[in-house]
Every structure is written in C-alpha cells, then in structure tokens.
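The values are calculated or read from the model by the stated rules, or taken from the named source; none is laboratory data. Since the structure is predicted, the reported quantities are computational estimates derived from the model, not experimental observations. Cβ placement follows ideal geometry from the backbone for every residue including glycine, while neighbour counts extend to all protein chains displayed. The accessibility values were calculated without ligands, DNA or RNA, using every heavy atom of the protein model including side chains. Shrake-Rupley method; radii C 1.70, N 1.55, O 1.52, S 1.80 Å.
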Amino acid sequence: MFYSISALISIRWGLGQHVANVPIDHHPIALFWKYIGQCVYVLISVLVKYIVGLLLLRICSRQRWQRITIWTLLGVVTVFNMFYVFIVIFQCMPIQFYWYRYSPNPPVSGKCNHSKLATIPTYVSLFLNVLSDWILALLPISVVWNSNMDRNTKISVVAVLAIGSK
C-alpha cells in the first residue's frame, strides 16, 4: 500500500509526464517519491517471496528436494537483494542529490553512480524475480501431483497456489 501511495504521489507531482510539461519546482518532489517507491519495492519483493516460500515450506514437508529448492531460492534472493537495496538507496551521494539533480540550482551538490551500475543489477534482479516467481508458482504442482484427489480438484488447488505465489 505504501508503494502504491508513493507512486501515486510521484505521478501527482509530474512523474511520467514530459519534462517540459512539469514545473521545475515539482521535479524534486516527484523524484523524492519515486526514490521512496524504488526502495520500498525492493523490500516488498523480497518479503513477498519469503511469505510464499515459508507457506510452501509448510506444504512441501515430505520431499527433501523441495525444501532445498525453496531455501536455496530464498537464500539467493536474500543475498542479491541485500546488495541491490544498497545500490538503490545509495545511487547518489549524498542521497538527497537524487531528487535535486535536475534542479537548475540544487541546494545540495553530489554525484550519482554510473548508469551501468544501476542497469546491470536491475536486470539481474529482474531475472531473479522472474525465475523465483516461476519456481514458487510451479512447485505446488509437484506437491499436488501424487495426492489422493480427483483431477479437477488437483487443477484447482494448483491454480490457487500458483496464483497466490504471484
């Protein structure tokens, strides 16, 4: 909810519009809320994976490979996102320079990281998020496959668990 609020506030102040259509004094406010949204998004994406992973650990208690898969996935996502959250938070030094960097007379001077330092980890994060979402969505199939249910019930249980993991 906080992520959505920060995104809506940044849009209200001009994010997503052509720069020429946004008053110059609105830029810092829009970029501040964009920055808050970026930080919150990274944290939320990790927490959602943990919640789904912990739920699946309770369901996947019989087969060892499922538990290993979930713990490995959660470990990789955690380690990378600990690195990635620092890149997002400290993309400009000092941090306030992020939202003042396009101002004609910024009250703070600073420097932002090179675009490759932002782009490459973002693509890695994207890849890890997509991969972990697919693994967490498809893992319930292996749990339900050999259960004592009719085929339609199996399909509905797998669909509910898969949708819940997205």
Review point. When you look at P28, is it over 17 Å from N129 (Cα atoms), part of a helix (DSSP H, G or I) and either touching a residue at least 40 places away in the same chain (Cβ under 8 Å) or not aliphatic (A, V, I, L, M) (or both), yes or no?
Key: yes
Scanning the stretch 2-21 for residues that are closer than 24 Å to I95 by Cα and out of contact with any helix residue (DSSP H, G or I) (no Cβ under 7 Å at 6 or more places or on another chain), the one most open to solvent (accessible area, probe 1.4 Å) turns out to be R12
Residue set S142, S147, S132; condition within 22 Å of W71 (Cα to Cα), at pLDDT below 90 and small (G, A, S); output residue S142
Cβ pairs under 9 Å, 6+ apart or interchain, first in the stretch 104-119 and within 19 Å of V88 (Cα to Cα) and touching a residue at least 12 places away in the same chain (Cβ under 8 Å), second open to solvent by less than 60 Å² (accessible area, probe 1.4 Å) and β-branched (V, I, T), ordered by first then second residue, are G110/I95; N113/I87; L117/I87; A118/I87; A118/V88
So, first residue without any contact (Cβ under 8 Å) to a residue 40 or more places away in the chain and farther than 20 Å from S125 by Cβ in the stretch 87-99, second residue of a type in the set (G, A, S) and open to solvent by less than 50 Å² (accessible area, probe 1.4 Å), Cβ within less than 6 Å, six or more apart or across chains; the pairs are M93/G110; P94/G110; F97/G110
The condition of being under 22 Å from the mean Cα position of the chain (by Cα) and loosely packed, with under 13 Cβ neighbours inside 10 Å holds, among T72, T153, T122, only for T72
Of (1) more than 19 Å from the chain's Cα centre (by Cα); (2) open to solvent by less than 30 Å² (accessible area, probe 1.4 Å); (3) at pLDDT 85 or above, C60 fails just (3)
